[in-house]
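Chemist: Submitted below is the structure of interest, expressed as structure tokens.
The values are calculated or read from the model by the stated rules, or taken from the named source; none is laboratory data. Please read these numbers as outputs of a predicted model, since none were measured by experiment. In this analysis, Cβ positions are derived from the backbone assuming ideal geometry, glycine residues included, and neighbour counts consider all displayed protein chains.
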Amino acid sequence: MNIRLVATDLDGTFLKNDRSISRRNLDTLHLLGERGIVRVAATGRNLRKVHDVIPEEVPFDYIVYSSGAGIFDWQEKKHIFQQNIESGPASELSGYFREKNYNFSVFAPAPDNHKLWFYKGGTECEEFNRFFTFHHEGSEALPLNGSFTEGLCQFLLIIPEDEQKFVELKEEIESMSGQIRVIRSSSPVSNGYIWVEVFHREVSKGKGVKHLCDLLAIHPEETAGVGNDYNDLDLLEFTGFSFVAENAPDTIRSAYIKVPSNEEDAFYHAVQPMLD
């Protein structure tokens, strides 16, 4: 296999459940570097949250963060791409969600999207409250006017796990503006909830990796991707060789090459055979 770039999700794929990095996964990253293969972490985490789990010495080349809203050159320590929702649609969405009395959060433009505002709707949501135990720093109540002059990176709504409800909500939100798209993500906090993430329509992990491929003159057939969740689907559809960890939902596992779970070094098992 003539692989020139490997992209991996972090949580549930490259990282173990306790957010540690296994020796075999780390050694595989080093081996990729020795072979001159570009190493990319493609994650839903914002860049500050990436630093919480990936020490600077871990040898990635690029970080596609916030599901593709930004790209960071890990070696040169510089931002090379951001894609945010413009201020008009962002303000319209904020007002609409408030009118509907949803529980939602809004995130400042990338790369500063670790800062966020929140709005507590009419229905108490334990998962929404748990979210703020992890993001209390840099968060504040949504301004009363709900308008934004600089645009936003994303919105986050949290709903109970209900496939039909998600489909209806996705259609409802995307009908409001041609500039946005909805991405589903499993809750990293607890089971039984769906995280409904609203981004600019050009944001996805797959498009983030495509941006890097265009920049580095790498063909999609020369890439490999490893993931485990719904927000990895665009990545797995883009990469030439795509692998999914055993801990992924059934509907995802059946569509791609299966490797052992993140607890059993999914990244190593996906990449190592390509290096033999």
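Chemist: Which one of the conditions (1) farther than 24 Å from Glu126 by Cβ; (2) touching a Phe, Trp or Tyr at 6+ places or on another chain (Cβ under 6 Å) does Val198 fail to meet, given that it meets all the rest?
Modeler: Against the list (1) farther than 24 Å from Glu126 by Cβ; (2) touching a Phe, Trp or Tyr at 6+ places or on another chain (Cβ under 6 Å), Val198 comes up short only on (1).
Chemist: Considering only segment 32-65, state which residues are of a type in the set (S, T, N, Q) and closer than 20 Å to Leu5 by Cβ. Can you show your working first?
Modeler: At the first step, the residues of segment 32-65 found to be of a type in the set (S, T, N, Q) are 43, 46.
Thr43, the sole residue that qualifies.
Chemist: Considering only segment 33-59, how many residues are among the β-branched types (Val, Ile, Thr), within 24 Å of Ala108 (Cβ to Cβ) and over 13 Å from the mean Cα position of the chain (by Cα)?
Modeler: The qualifying residues number 2.
Chemist: Checking the conditions here, which among Lys165, Lys205 is out of contact with any Pro (no Cβ under 6 Å at 6 or more places or on another chain), at pLDDT below 95 and basic (Lys, Arg)? Spell out how you get there, then give the answer.
Modeler: Numbers: Lys205 fails: at pLDDT below 95.
Matching residue, one of Lys165, Lys205: Lys165.
Chemist: Being within 30 Å of Glu126 (Cβ to Cβ), of a type outside the set (A, V, I, L, M, F, W, C) and modelled with pLDDT of 95 or more is the requirement here; does Glu237 meet it? Steps first, answer last, please.
Modeler: On the way: within 30 Å of Glu126 (Cβ to Cβ): no; of a type outside the set (A, V, I, L, M, F, W, C): yes; modelled with pLDDT of 95 or more: yes.
Judged against the criteria, Glu237 is not a match.
Chemist: Within segment 240-263, work out how many residues are at pLDDT 95 or above and of a type in the set (S, T, N, Q).
Modeler: Qualifying residue count for the region: 4.
Chemist: I need a count of the residues in segment 95-132 that are among the polar types (S, T, N, Q) and touching a Phe, Trp or Tyr at 6+ places or on another chain (Cβ under 8 Å).
Modeler: We begin by selecting, within segment 95-132, every residue among the polar types (S, T, N, Q); these are 101, 103, 105, 113, 123, 129.
Applying the additional criterion that residues be touching a Phe, Trp or Tyr at 6+ places or on another chain (Cβ under 8 Å) yields 103, 105, 113.
Result for segment 95-132: 3.
Chemist: Can you tell me which of Lys49, Lys78 is at pLDDT 95 or above and at negative phi? Steps first, answer last, please.
Modeler: On the way: Lys49 fails: at pLDDT 95 or above.
Being at pLDDT 95 or above and at negative phi holds for just one of Lys49, Lys78, which is Lys78.
Chemist: Of the residues Ile159, Ile218, only one is at pLDDT below 90 and farther than 23 Å from Glu86 by Cβ; which?
Modeler: On the way: Ile218 fails: at pLDDT below 90.
One residue alone meets the criteria, Ile159.
Chemist: How many residues are part of a helix (DSSP H, G or I) and surrounded by 13 or more Cβ atoms within 10 Å (Cβ to Cβ) if we restrict to segment 157-171?
Modeler: Here is the first cut: in segment 157-171, the residues part of a helix (DSSP H, G or I) are 163-171.
In the following step, the residues that additionally are surrounded by 13 or more Cβ atoms within 10 Å (Cβ to Cβ) were identified as 165-166, 169-170.
Looking only at that region, the number is 4.
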